[in-house]
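*Asks:* Sharing a structure below in structure tokens format, with a few things to ask.
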Amino acid sequence: MAIPELPKEYDQLDQWKTLMFLYSSALQEVQTRINILSDEFHHINHYNPIEHVKARIKTPESIVKKLKRLGFEATIDNMYRELHDIAGVRIICSFTSDIYYLADAISRQNDVNVLMVKDYIANPKPNGYRSYHMVISVPIYLSSGQVEMKVEIQIRTIAMDFWASLEHKIHYKFEGAAPSHMRENLKECADMVALLDERMMALNESLQEAGEPEDD
Ligand code: GTP
Ligand code: MG
């Protein structure tokens, strides 16, 4: 069996379906944890730190394409070992501080392993892209054992998400070679997004300090 630590009865099953089942279980697991953290945050701070959460499993086409791009054969074993974004969750937050709060709360869970962190908020990409990326692994408890599954988590504000959606469309439209005036324009917008996020966060902090009505 390519995937390590699976219970013996899995030997007889279709490996692709097994792997997809495991990734979809990992997504459920991570989404539940995020929902609980969000509810708890609301309970304490009386505002919702999360605007929405999107979860997706990479398509077979895009899995094969990425393995080839990385120079690996398209095998179940390579999928499990080499790809870290087959299961992906994107969390859209209200404020930049909420991003770090959630990233920290997820990372500190006892059974979560943080495999990779890319803080494109502290270190934006040259094109202006800002987001917080983490690859974690979580245990999935099966009937007679457990298996570690990787999930990529991207956390960003509404404004960062707005920017990234348009940048993504432009990137694809021009196959990665957008005209320089558009790239410069995007970079300027990214700087405006950063300023907006900063000011909105400061306003929210003032609101929090002023205290809020009991029920909202
Ligand atoms: P991929 O091979 O694309 O998965 O990138 P990577 O393995 O180098 O990882 P990275 O953490 O840099 O990016 C992972 C994902 O973040 C991408 O698949 C995109 O969804 C998103 N992302 C990264 N950079 C950009 C960017 O410049 N613009 C936009 N719109 N999204 C980005
Ligand atoms: Mg990716």
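The values are calculated or read from the model by the stated rules, or taken from the named source; none is laboratory data. Model, not experiment: these values are computed from the prediction. When we count neighbours, we look across all protein chains shown, and the Cβ atoms used for this are built from the backbone with ideal geometry, even at glycine. Please note that ligands, DNA and RNA were not included when accessible areas were found on the heavy atoms of the full protein model with its side chains. Shrake-Rupley method; radii C 1.70, N 1.55, O 1.52, S 1.80 Å.
*Asks:* Can you bin region 20-62 into rounded, prolate or oblate? Criterion: square roots of the alpha carbon gyration tensor eigenvalues sorted a ≥ b ≥ c, rounded for a/c under 1.5, prolate for a/b above b/c, oblate for the rest.
*Replies:* Taking the square roots of the gyration eigenvalues as a ≥ b ≥ c, region 20-62 is oblate.
*Asks:* For labels at R108 and H181 in the simple 7 Å Cα→Cβ model, what's the distance in nm?
*Replies:* For R108 paired with H181, the spin-label model returns 5.0 nm.
*Asks:* Going Cα to Cα from K65, which aspartates and glutamates come in below 12 Å? Please leave out same-chain ones fewer than 8 positions away.
*Replies:* Counting by Cα, and skipping residues close in sequence, K65 has these aspartates and glutamates nearby: E73.
*Asks:* Can you find, among A159, T96, Y141, the residue farthest towards the positive end of the dipole of region 89-172? Put +1 on the C-beta of Lys and Arg, -1 on that of Asp and Glu.
*Replies:* A159
*Asks:* Need one value: the accessible area of E73 in square angstrom, 1.4 angstrom probe, rounded to the nearest 10.
*Replies:* Looks like 140 Å² after rounding.
*Asks:* Here's something else I'd like to know. Post the alpha-carbon centroid distance, region 142-212 to region 1-80, in whole angstrom.
*Replies:* 21 Å
*Asks:* Could you rank the peptides 176-187, 90-101 by their average count of other C-beta atoms within 10 Å per residue, with the highest value first?
*Replies:* Put in order of decreasing packing, that is 90-101, 176-187.
*Asks:* When the helices in the chain are scored as -39500 (n - 2.57) per DSSP H run of 4 or longer and the sum is shared across all residues, what 222 nm value do you end up with, to the nearest 500 deg cm²/dmol?
*Replies:* Dividing the helical sum by the residues of the chain leaves -16500 deg cm²/dmol.
*Asks:* Apply the a/c threshold of 1.5 to the C-alpha gyration tensor of region 96-216 and tell me whether it is rounded, prolate or oblate.
*Replies:* oblate
*Asks:* What angle, in degrees between 0 and 90 and rounded to the nearest 10, separates the Cα long axis of helix 180-210 from the longest principal axis of the Cα atoms of the chain?
*Replies:* Approximately 70 degrees, to the nearest 10.
*Asks:* Take the alpha carbon gyration tensor of region 1-156, find the square roots of its eigenvalues, order them as a ≥ b ≥ c, and report rounded if a/c is under 1.5; if not, report prolate when a/b exceeds b/c, else oblate.
*Replies:* Oblate, because a/c is 1.5 or more while a/b does not exceed b/c.
*Asks:* Still on this structure: Quick one: dipole size for the chain, taken about the Cα centre, charges +1 on Lys/Arg Cβ and -1 on Asp/Glu Cβ, in debye to the nearest 20.
*Replies:* Once rounded to the nearest 20, the dipole reads 1180 debye.
*Asks:* Rounding to the nearest 20 debye, state how big the charge dipole of region 21-63 is about its Cα centre with +1 on each Lys and Arg Cβ and -1 on each Asp and Glu Cβ.
*Replies:* Dipole size: approximately 160 debye.
*Asks:* If you place +1 on the Cβ of every Lys and Arg, -1 on the Cβ of every Asp and Glu, and leave all else neutral, what size is the dipole of region 125-216 about its Cα centre, to the nearest 20 Debye?
*Replies:* The dipole of region 125-216 has a size of about 780 debye.
*Asks:* Over region 153-197, consider all pairs of different Cα atoms and compute the Kirkwood hydrodynamic radius from their mean reciprocal separation; express it in Å, one decimal.
*Replies:* Over region 153-197, the inverse of the mean reciprocal pair distance is 11.0 Å.
*Asks:* Can I ask one more? Mind checking the full-extension length gain between H43 and L70? Use 0.36 nm per residue of separation minus the Cα-Cα distance, one decimal, nm.
*Replies:* Residue separation times 0.36 nm, minus the Cα-Cα distance, leaves 5.3 nm.
*Asks:* Just going by the charge dipole of the chain, with Lys and Arg at +1 and Asp and Glu at -1 on Cβ, which of Y129, Q109, A202 is farthest out on the positive end?
*Replies:* Farthest along the dipole direction, towards plus: Y129.
*Asks:* So what is the relative contact order of the chain, in percent, for Cα pairs below 8 Å that sit 6 or more residues apart?
*Replies:* 21 percent
*Asks:* Taking K8 as the anchor, which lysines have their alpha carbon closer than 25 Å to its alpha carbon, excluding any fewer than eight residues away along the same chain?
*Replies:* Result set, ordered by chain and number: K17, K150.
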